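Trainee: Structure incoming, see below.
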């Protein structure tokens with residue numbers, strides 16, 4: 001049987017996962033691809049440290065040239081992470097006539113156009129299924145399964161770390177700090193958790209999905225971003241009472257030639273399937289104009305799930321998938337809406353003086369800014385303070401912000417304790 | 001741009017959906033496939049009735065020969081439904097050197113091997129994405145996205161009609177009969193609902209998914225089947241109290257060389273994402289040995305979602321997808337386990353005499369048959385009757401049945417009111 005040689009860049013968690021899968025499912029992979037796939041070279045920082053390959057006989061090297069210049073290598077799998085030198089190496093591999101598979105969300109979010117362009121020029125594949133949603137086949141779904149659809153919107157839980165933290169807060173009543181510490185203990189969060197809890201990781205992934213779904217190029221820096229650091233156990237409790245669960249959502253919606261793009265904590269109806277996506281699981285909810293809404297969920301990270309997506313990309317290349325996807329679609333120039341122009345429902349929690357006339361004063365500020373109240377709960381607090389929890393009808397974010405700013409200045413208001421968006425995902 | 005001509009068999013709901021999508025998303029479809037797709041001939045029973053084509057200029061015909069013998073038609077889309085003559089027409093089309101796309105679950109469940117064989121022989125595609133799960137791309141997911149995995153199990157909500165009925169029973173407290181009448185009013189259920197509520201439709205679909213996932217050929221008649229007709233509003237209420245939701249599940253699990261295959265109502269933990277798949281939505285939950293668990297959900301029926309899957313299959317063929325999938329995998333001979341050999345947890349509701357010693361008597365029967373009780377609730381009923389609701393630990397179905405049979409014969413037992421399986425889907 002014909003052999004296909006693969007060069008791998010990086011031998012960390014996912015790299016080892018790929019090796020493990022190639023070994024464990026060897027017979028299936030060979031049968032499904034019709035050829036024998038062999039990882040023949042692996043780029044590492046230190047050859048001495050990598051003396052126990054899991055599979056066959058790859059030659060470790062510290063020189064990228066050994067892989068680029070090896071004419072027998074047809075596919076390069078990039079699992080180093082980070083923008084550089086990963087992007088440069090992938091470009092070199094493509095220009096040397098090799099197909100490229102990557103799990104690198106940052107490199108794809110930043111350099112996707114250049115990488116896809118280089119692949120097109122050389123008539124090679126550039127596949128990146130593992131860059132979004134770990135083992136969840138979301139890229140293939142957008143690219144192939146839904147290609148009879150005009151995609152209208154995407155809503156995703158695409159960061160496993162923050163979902164783990166929010167789940168522990170919600171199910172175990174923990175504070176953000178406790179849940180973060182637990183996530184770090186379990187290896188779900190890094191020592192510096194900023195990229196995950198701050199929403200940066202989700203922003204990269206949303207940029208990748210959006211560029212693909214809407215035939216455009218999204219600069220990830222144009223995506224509105226808010227992390228989960230300010231979500232409190234109290235807000236999670238109120239959310240429950242109102243029938244919601246708080247999730248870090250990544251949202252993309254197309255309005256004519258304008259994209260609404262945002263990553264932030266949001267309340268999701270507790271009877272929506274997204275509400276039950278817990279712990280480190282990810283889910284992506286897509287609306288297409290023919291298929292209506294589709295949701296796909298699974299493990300968004302980890303060596304084996306992510307490795308599953310990487311190996312599936314390799315198999316597709318080896319099988320000889322045609323290189324035509326999106327080739328006829330000219331890139332569209334789409335604007336990105338200012339967050340102030342978006343329409344949403346909001347949950348607002350205020351700490352106020354417990355005195356006569358307070359509610360009237362606040363209500364009139366809302367009314368003046370065209371913010372229409374949907375529900376209201378008032379609760380006594382310690383001392384002479386009270387808590388007011390509002391949810392609003394659909395409101396322009398700009399008006400809402402002006403109202404909240406004005407409310408913050410009122411003498412009767414101690415503080416605006418929380419402001420969380422409510423996302424209506426349900427179709428039926 | 002190159003044109004590809006398609007012949008369509010049948011012009012019912014899904015056929016019209018396909019036309020509508022081809023018209024609505026014409027630019028996308030052309031861009032994604034790189035060619036212009038044209039439906040040039042449509043087989044109907046009565047040409048007179050079909051004078052308002054939605055798109056371009058298809059010639060309606062009542063003769064299959066007009067399509068088979070038309071050398072310009074490269075793809076035949078079968079949307080007639082039913083086993084025959086659909087299967088015969090598809091075989092003829094394949095043997096005439098045309099690719100075939102179908103949405104016909106019965107024809108695929110019964111004649112899949114023959115159809116796939118004919119396609120292989122002619123080096124043509126036989127695609128059937130729309131035959132399972134409507135618009136949900138489950139076939140492609142099994143075939144491509146998860147092809148680095150050994151699939152271990154499948155659990156699906158794959159009949160929209162019965163899910164709609166169970167949802168209305170659960171959310172609105174309706175009886176089975178009321179919910180069925182509502183489903184019929186809304187067009188979700190047919191006048192004779194047997195195929196849907198009796199689990200037959202789910203059995204065909206499970207046979208298709210299982211054959212594909214486990215590289216085998218499943219005879220749908222070997223699948224254990226129970227419908228939802230006997231599910232009562234009372235059982236749904238008890239399920240809620242125990243933290244469960246009742247769904248009609250289709251299950252396939254591989255144990256060595258034996259398949260566990262069953263379609264029946266089952267209790268699913270209410271915090272599992274499958275529990276929130278409501279109304280006519282479908283969901284399929286797959287466990288692979290690398291990716292772990294993946295769930296995909298969406299509209300399991302309807303002209304547009306099903307049409308989306310059909311058109312996506314057409315695009316794949318037009319793009320020139322390689323014909324190698326599974327080619328190297330020899331079919332496996334797998335046995336099907338007798339339902340009596342499977343291990344499950346059970347919910348059992350008994351109506352008994354409200355007298356001293358009754359519980360002891362029943363418990364001793366369970367114990368004698370190695371059925372271990374997990375939870376027990378006793379409730380007073382009218383007259384001198386009581387209700388006993390048991391849930392069990394994992395038990396061999398054969399033993400459970402013997403125990404229930406023995407219990408049924410006890411003088412103190414009025415009747416065994418319900419027996420419903422509990423399915424543990426959660427991985428985390």
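The values are calculated or read from the model by the stated rules, or taken from the named source; none is laboratory data. These figures come from a predicted structure and were not determined experimentally. Positions of Cβ are backbone-derived with ideal geometry, glycine not excepted, and every protein chain shown enters the neighbour counts.
Trainee: Kindly provide the set of residues from the range B:67-82 that are closer than 22 Å to residue B:2 by Cβ and either modelled with pLDDT under 95 or in contact with a helix residue (DSSP H, G or I) (Cβ under 7 Å, 6 or more places away or on another chain) (or both), ordered by number.
Mentor: B:73, B:75, B:76, B:77 - these are the residues of the range B:67-82 that are closer than 22 Å to residue B:2 by Cβ and either modelled with pLDDT under 95 or in contact with a helix residue (DSSP H, G or I) (Cβ under 7 Å, 6 or more places away or on another chain) (or both).
Trainee: Being surrounded by fewer than 24 Cβ atoms within 10 Å (Cβ to Cβ), without any contact (Cβ under 8 Å) to a residue 40 or more places away in the chain and away from chain B (no Cβ under 14 Å): is that true of residue A:256 here? If you could, list the steps in order and put the result at the bottom.
Mentor: Values: surrounded by fewer than 24 Cβ atoms within 10 Å (Cβ to Cβ): yes; without any contact (Cβ under 8 Å) to a residue 40 or more places away in the chain: yes; away from chain B (no Cβ under 14 Å): yes.
Against the criterion (surrounded by fewer than 24 Cβ atoms within 10 Å (Cβ to Cβ), without any contact (Cβ under 8 Å) to a residue 40 or more places away in the chain and away from chain B (no Cβ under 14 Å)), residue A:256 qualifies.
Trainee: Could you tell me which residue of the range B:124-139 is surrounded by the most Cβ atoms within 10 Å (Cβ to Cβ), considering only residues that are assigned to a helix (DSSP H, G or I) and within 13 Å of chain A (Cβ to nearest Cβ)?
Mentor: Here is the first cut: in the range B:124-139, the residues assigned to a helix (DSSP H, G or I) are B:129-131, B:138-139.
If we keep only those that are within 13 Å of chain A (Cβ to nearest Cβ) too, we end up with B:129-130, B:138-139.
Numbers: B:129: 27, B:130: 32, B:138: 30, B:139: 22.
By that ranking, first place goes to B:130.
Trainee: Quick check on my filter: what residues within the range B:269-304 are crowded, with 24+ Cβ neighbours inside 10 Å and farther than 24 Å from residue B:135 by Cα?
Mentor: Result: B:290, single match.
Trainee: Name, by its number, the condition in (1) modelled with pLDDT of 95 or more; (2) under 30 Å from residue A:306 (Cα atoms) that does not hold for residue B:142.
Mentor: If we test residue B:142 against (1) modelled with pLDDT of 95 or more; (2) under 30 Å from residue A:306 (Cα atoms), just (1) comes out false.
Trainee: Within the range A:280-301, is there a residue that is without any contact (Cβ under 8 Å) to a residue 40 or more places away in the chain, in a strand (DSSP E or B) and facing chain B (nearest Cβ under 7 Å)? Give the steps one after another, and end with the answer.
Mentor: Within the range A:280-301, the first condition is being without any contact (Cβ under 8 Å) to a residue 40 or more places away in the chain, and the residues that meet it are A:295.
Pick out the ones that are also in a strand (DSSP E or B) and you get A:295.
Going one step further and asking which of them are facing chain B (nearest Cβ under 7 Å), we end up with A:295.
Within the range A:280-301 (the criterion being without any contact (Cβ under 8 Å) to a residue 40 or more places away in the chain, in a strand (DSSP E or B) and facing chain B (nearest Cβ under 7 Å)), the answer is yes, since at least one residue qualifies.
Residue by residue, here is whether (1) within 15 Å of residue B:315 (Cβ to Cβ); (2) touching a residue at least 40 places away in the same chain (Cβ under 8 Å); (3) surrounded by 16 or more Cβ atoms within 10 Å (Cβ to Cβ) holds:
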| position | (1), (2), (3) |
| --- | --- |
| B:4 | yes, yes, yes |
| B:14 | no, yes, yes |
| B:33 | yes, yes, yes |
| B:37 | yes, yes, yes |
| B:46 | no, no, no |
| B:49 | no, no, no |
| B:62 | no, no, no |
| B:80 | no, yes, yes |
| B:87 | no, no, yes |
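Trainee: Is it true that some residue in the range B:373-388 is within 24 Å of residue B:261 (Cα to Cα), assigned to a strand (DSSP E or B) and either in contact (Cβ under 8 Å) with a residue 40 or more places away in the chain or more than 14 Å from chain A (Cβ to nearest Cβ) (or both)? Quick ask: steps written out before the conclusion?
Mentor: Start the filter on the range B:373-388 by keeping residues that are within 24 Å of residue B:261 (Cα to Cα), which leaves none.
No, the range B:373-388 contains no residue that is within 24 Å of residue B:261 (Cα to Cα), assigned to a strand (DSSP E or B) and either in contact (Cβ under 8 Å) with a residue 40 or more places away in the chain or more than 14 Å from chain A (Cβ to nearest Cβ) (or both).
Trainee: For the range B:140-167, what are the residues that are closer than 27 Å to residue B:187 by Cβ, in a helix (DSSP H, G or I), touching a strand residue (DSSP E or B) at 6+ places or on another chain (Cβ under 7 Å) and within 12 Å of chain A (Cβ to nearest Cβ)? Give the derivation first.
Mentor: Step one: filter the range B:140-167 for residues closer than 27 Å to residue B:187 by Cβ, giving B:156-167.
Of the ones still in play, those that are also in a helix (DSSP H, G or I) are B:160-167.
Pick out the ones that are also touching a strand residue (DSSP E or B) at 6+ places or on another chain (Cβ under 7 Å) and you get B:160, B:162-163, B:166.
Once the filter is applied, which keeps residues that are closer than 27 Å to residue B:187 by Cβ, in a helix (DSSP H, G or I), touching a strand residue (DSSP E or B) at 6+ places or on another chain (Cβ under 7 Å) and within 12 Å of chain A (Cβ to nearest Cβ), the range B:140-167 yields B:160, B:163.
Trainee: Any residue at all in the range A:56-79 that's assigned to a helix (DSSP H, G or I), away from every other protein chain (no Cβ under 14 Å) and under 22 Å from residue A:208 (Cβ atoms)? Break it down into steps so the answer makes sense when it comes.
Mentor: Filtering the range A:56-79 for residues assigned to a helix (DSSP H, G or I) gives A:64-68.
Now drop any that are not away from every other protein chain (no Cβ under 14 Å), which leaves A:64-68.
Next, only the ones that are under 22 Å from residue A:208 (Cβ atoms) stay: none.
Checking the range A:56-79: not a single residue is assigned to a helix (DSSP H, G or I), away from every other protein chain (no Cβ under 14 Å) and under 22 Å from residue A:208 (Cβ atoms).
Trainee: Now for a separate question. Can you find a residue that is over 30 Å from residue B:303 (Cα atoms) and either surrounded by fewer than 24 Cβ atoms within 10 Å (Cβ to Cβ) or assigned by TED's automatic domain parsing to the domain that holds residue A:235 (or both) anywhere in the range A:142-158? Even if it seems obvious, please write down each step before you answer.
Mentor: Let us first name the residues in the range A:142-158 that are over 30 Å from residue B:303 (Cα atoms), namely A:158.
Narrowing further to those that are either surrounded by fewer than 24 Cβ atoms within 10 Å (Cβ to Cβ) or assigned by TED's automatic domain parsing to the domain that holds residue A:235 (or both): A:158.
For the range A:142-158, residues over 30 Å from residue B:303 (Cα atoms) and either surrounded by fewer than 24 Cβ atoms within 10 Å (Cβ to Cβ) or assigned by TED's automatic domain parsing to the domain that holds residue A:235 (or both): present.
Trainee: Next question. Of the residues that sit in the range B:263-279 and are more than 8 Å from chain A (Cβ to nearest Cβ) and touching a helix residue (DSSP H, G or I) at 6+ places or on another chain (Cβ under 7 Å), which one is nearest to residue B:232 (Cα to Cα)? Even if it seems obvious, please write down each step before you answer.
Mentor: First pass over the range B:263-279, keeping only residues more than 8 Å from chain A (Cβ to nearest Cβ): B:263-270, B:274.
Next, from what is left, pick out any that are touching a helix residue (DSSP H, G or I) at 6+ places or on another chain (Cβ under 7 Å): B:263, B:267-269.
Working: B:263: 18, B:267: 13, B:268: 16, B:269: 18 Å.
Residue satisfying both the conditions and the ranking: B:267.
Trainee: When you look at residue A:120, is it under 28 Å from residue A:257 (Cα atoms), surrounded by fewer than 18 Cβ atoms within 10 Å (Cβ to Cβ) and touching a residue at least 12 places away in the same chain (Cβ under 8 Å), yes or no? Before you say what the answer is, go through the steps one by one.
Mentor: On the way: under 28 Å from residue A:257 (Cα atoms): yes; surrounded by fewer than 18 Cβ atoms within 10 Å (Cβ to Cβ): yes; touching a residue at least 12 places away in the same chain (Cβ under 8 Å): yes.
The answer is yes for residue A:120.
Trainee: Is it the case that residue B:344 is assigned to a strand (DSSP E or B), within 14 Å of another protein chain (Cβ to nearest Cβ) and farther than 30 Å from residue B:4 by Cα?
Mentor: Details: assigned to a strand (DSSP E or B): yes; within 14 Å of another protein chain (Cβ to nearest Cβ): no; farther than 30 Å from residue B:4 by Cα: yes.
Here the answer is no, as residue B:344 does not meet what is asked.
Trainee: State the number of residues belonging to the range A:193-237 that are within 16 Å of residue A:169 (Cα to Cα) and either in contact with a strand residue (DSSP E or B) (Cβ under 6 Å, 6 or more places away or on another chain) or in a loop (DSSP other than H, G, I, E, B) (or both).
Mentor: 8
Trainee: Still on this structure, I have one more. For the range A:89-117, give me the residue count where each residue is in a loop (DSSP other than H, G, I, E, B) and buried (at least 23 other Cβ atoms within 10 Å of the Cβ). I'd like the intermediate steps shown before the answer.
Mentor: First, pick out the residues of the range A:89-117 that are in a loop (DSSP other than H, G, I, E, B): A:96-98, A:103-104.
When the remaining residues are screened for being buried (at least 23 other Cβ atoms within 10 Å of the Cβ), the result is A:98, A:103-104.
Residues meeting the conditions: 3.
Trainee: Only one of A:311, A:365, A:352 is outside any loop (DSSP other than H, G, I, E, B) and either within 9 Å of another protein chain (Cβ to nearest Cβ) or exposed (fewer than 14 other Cβ atoms within 10 Å of the Cβ) (or both); which?
Mentor: Working: A:365 fails: either within 9 Å of another protein chain (Cβ to nearest Cβ) or exposed (fewer than 14 other Cβ atoms within 10 Å of the Cβ) (or both); A:352 fails: either within 9 Å of another protein chain (Cβ to nearest Cβ) or exposed (fewer than 14 other Cβ atoms within 10 Å of the Cβ) (or both).
Among A:311, A:365, A:352, only A:311 is outside any loop (DSSP other than H, G, I, E, B) and either within 9 Å of another protein chain (Cβ to nearest Cβ) or exposed (fewer than 14 other Cβ atoms within 10 Å of the Cβ) (or both).
Trainee: Report yes if some residue within the range B:319-341 is closer than 30 Å to residue A:132 by Cα, outside any loop (DSSP other than H, G, I, E, B) and modelled with pLDDT under 95; otherwise report no.
Mentor: Scanning the range B:319-341 turns up at least one residue that is closer than 30 Å to residue A:132 by Cα, outside any loop (DSSP other than H, G, I, E, B) and modelled with pLDDT under 95.
Trainee: Only residues that are within 12 Å of chain A (Cβ to nearest Cβ) and in a loop (DSSP other than H, G, I, E, B): list them for the range B:6-33, please.
Mentor: Of everything in the range B:6-33, just one residue is within 12 Å of chain A (Cβ to nearest Cβ) and in a loop (DSSP other than H, G, I, E, B), namely B:25.
Trainee: Also: Taking the conditions exactly as written (under 17 Å from the mean Cα position of the chain (by Cα) and either within 14 Å of another protein chain (Cβ to nearest Cβ) or surrounded by 24 or more Cβ atoms within 10 Å (Cβ to Cβ) (or both)), does residue B:323 satisfy them or not?
Mentor: Details: under 17 Å from the mean Cα position of the chain (by Cα): no; either within 14 Å of another protein chain (Cβ to nearest Cβ) or surrounded by 24 or more Cβ atoms within 10 Å (Cβ to Cβ) (or both): yes.
So residue B:323 does not fit the description; no.
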